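First comes the structure, then the notes that go with it.
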Amino acid sequence: MTTRVYAGAAHFSAGASTAPSGGIYRRAIGDERWVRLGGGLPDDVEVRAIAVHPRDPGVIYAGTQRGPYRSTDGGDHWTALAFPDAGMTVWSLLVHPKDPNVLYAGTAPAAVYKSENGGESWRRLGALRAPGHVKMSFDTRVTRLGADPAHPNELYAGLEVDGVLRSLDGGESWEDVSGDLIKVADRPHL
């Protein structure tokens, strides 16, 4: 079995280059270069999140500005997954620690979606609201998702500059658990 590393990128242009710079890149251990993957991904794709199936390394999920994509052949070919809300950028992905058919996607604007069938269909989970600790000129993003492996229905959603939310029921309800973090952030620095 070949060990591979994947990296996602958004677009960046330094100079007059017209070559795509965003996307998903793959490098096998021992290779001398990164390969930009395509095969069904849009040319202008920006990949902000990557998750590899824990039991089948050929299955990879990519979070993009057009929702989630899936590859079943190690990244050579990609399929857009049916996502219920257009215009949601996927910033984070989480594979359930006990059931790899269950996936979570964190988006901007801030929301969490769940799939119970390997990404074939998704539903938006309720009650996630950014607490509003920081006012920004852009929508808050769910930049990280995590689950307690011993209690997989205990989920955490890290919000860009706006704290951390926790769910104890698999994402159906959320509570702000940022209090201690805010205290640390408000302390005067020496």
R0 = 35 Å: FRET efficiency of residue 153 with residue 34, Cβ-based, nearest 0.05? 0.40
I'd like the carbon and sulfur percentage of the solvent accessible area for region 49-132, probe radius 1.4 Å, heavy atoms only, ligands and nucleic acids excluded. 47 percent
Suppose all protein chains stay in the model; what accessible area per residue would a 1.4 Å probe give for the chain, in Å²? 54 Å²
Once a ≥ b ≥ c are taken as the square roots of the eigenvalues of the Cα gyration tensor of region 16-130, is the result rounded (a/c under 1.5), prolate (a/b larger than b/c) or oblate (a/b not larger than b/c)? oblate
Using each residue's phi in region 112-119, evaluate 6.51 cos²θ - 1.76 cosθ + 1.60 at θ = phi - 60° and report the 3J(HN,Hα) Karplus result to the nearest Hz, with x for Gly and Pro. 10, 10, 10, 10, 10, 9, x, x
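The values are calculated or read from the model by the stated rules, or taken from the named source; none is laboratory data. A quick note: this is a predicted structure, and the numbers were derived from the prediction, not measured. Note: ideal-geometry Cβ built from the backbone for every residue, glycine included; neighbour counts use all protein chains shown. Keep in mind that these areas ignore ligands, DNA and RNA; they rest on the heavy atoms of the full protein, side chains included. Shrake-Rupley method; radii C 1.70, N 1.55, O 1.52, S 1.80 Å.
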